[in-house]
Amino acid sequence: PLEVRVGEHPLPHLRTQKGRHLLAMLALRLPREVQREWLIANLWPESDPQKGSYNLSRTLTDLRTALGPARVCLFTPSPHSLSLCASTEVDVDVVRFDSLVRKGDSVSLASAVELYRGPLLEGFVEEWAVVAREARQQACLRALDTLAKKSAEQEDWTAATRVLKRRIALDAFD
């Protein structure tokens, strides 16, 4: 599930869930710019562009207010895009997970698997969230497969068994 903390405190209540969705969309694309048009099309697919732009503006205002001093992490690189800044003050576990998986060595894969807490953005039913969720689950399953294979190659049957049990628990029907 999406967990947002501002300092030591959870993100204050937002007027609508769209603010949490917007923050998740920007975090998943960190540090890249995200086109406002794409955000509007995914957050308000039923709205005309003008109404969608208004909705995005209101949602941004609500989100910036909730973030308080941390609102500086939301910025506008161009009039047509938004971004979440990559800094030491913004820690996104899914970004760390992706980075560890890309490294591909045993230590990094083990860290990625440890970081994986279950389905990404559980409860979000929008297509962009489902695609992101499935991609991370498949990456975790591949990491577990690699770790099990390496453990078996080293004849560390205890470690291989532990990893395979985790893999089965994660996706018994794969």
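The values are calculated or read from the model by the stated rules, or taken from the named source; none is laboratory data. Just so we're clear, the structure is a prediction, and the values are computed from it rather than from any experiment. All Cβ positions, even for glycine, are placed from backbone atoms using ideal geometry, and neighbour counts span all protein chains on display. Quick note on the areas: whole protein, heavy atoms, side chains included, nothing else; ligands and nucleic acids left out. Shrake-Rupley method; radii C 1.70, N 1.55, O 1.52, S 1.80 Å.
Give or take rounding to whole Å, what are the principal axis extents of the alpha carbon atoms in the chain, in descending order?
61, 33, 28
Assuming 1.567 mPa s and 4 °C, estimate D for segment 133-174 with Stokes-Einstein, Rh taken as the Kirkwood radius over Cα pairs, in µm²/s.
126 µm²/s
Work out the charge dipole of the chain with +1 on the Cβ of Lys and Arg and -1 on the Cβ of Asp and Glu about the Cα centre, then indicate which of 135, 92, 6 is farthest towards its positive end.
6
Roughly how many percent of the accessible protein surface of segment 27-174 is carbon and sulfur, given a 1.4 Å probe and a whole-percent answer?
Its accessible area is 54 percent carbon and sulfur atoms.
Could the peptides 66-72, 22-28, 8-14 be put in order, highest first, of the mean number of other beta-carbon atoms found within 10 Å of their residues?
In descending order of packing, they fall as 22-28, 66-72, 8-14.
Hey, what angle do you get for helix 49-67 against the long axis of the chain, alpha-carbon based, 0 to 90 degrees rounded to 10?
Between helix and principal axis, roughly 70 degrees.
Measure nothing but the geometry: give the 0 to 90° angle between the long axis through the Cα atoms of 93-103 and the longest principal axis through the Cα atoms of the chain, rounded to 10°.
With both axes taken from Cα atoms, the answer is about 50 degrees.
Report the local net charge at residue 27: Lys and Arg +1, Asp and Glu -1, summed over other residues whose C-beta lies under 12 Å from its C-beta.
Taking every other residue near residue 27 into account, the sum is 0.
Heads up, I need the accessible area for residue 95: 1.4 angstrom probe, whole protein in place, Å², nearest 10.
Here the accessible area works out near 50 Å².
Please enumerate, by chain and number, the lysines with C-alpha under 29 Å from the C-alpha of residue 103, excluding those fewer than 8 residues away in the same chain.
Answer for residue 103, where 29 Å is the Cα cut-off: 149, 150, 165, listed by chain and number.
Please give the residues of segment 42-60, grouped as numeric ranges, whose backbone N is less than 17 Å from a label point set 7 Å along the Cα-to-Cβ vector of residue 131.
42-46
For segment 1-85, just run the numbers: alpha carbon Rg, then divide by 2.2 N^0.38 Å, N being how many residues it has.
That works out to 1.03 for segment 1-85.
What is the P(r) of segment 92-156, as percent of Cα-Cα pairs per 10 Å bin from 0?
P(r) for segment 92-156, in whole percents per bin: 22, 49, 22, 6, 1.
With a cut-off of 8 Å between alpha carbons and a minimum separation of six or more residues, what is the relative contact order of the chain in percent?
Rounded, it is 19 percent for the chain.
If I stretch the segment between residue 48 and residue 108 completely, what's the gain in nm (0.36 nm per residue apart, minus their alpha carbon distance), one decimal?
Extra length available between residue 48 and residue 108 comes to 17.1 nm.
Quick one: accessible area per residue over the chain, 1.4 Å probe, rounded to a whole number of Å²?
60 Å²
Which sequence of 147, 39 reflects their accessible areas, 1.4 Å probe, from the largest down?
Descending accessible area places them as 147, 39.
When the solvent-accessible surface of protein heavy atoms is calculated with a 1.4 angstrom probe, in what order do 2, 43 fall, highest first?
On the way: 2 40, 43 0 Å².
From most accessible down to least: 2, 43.
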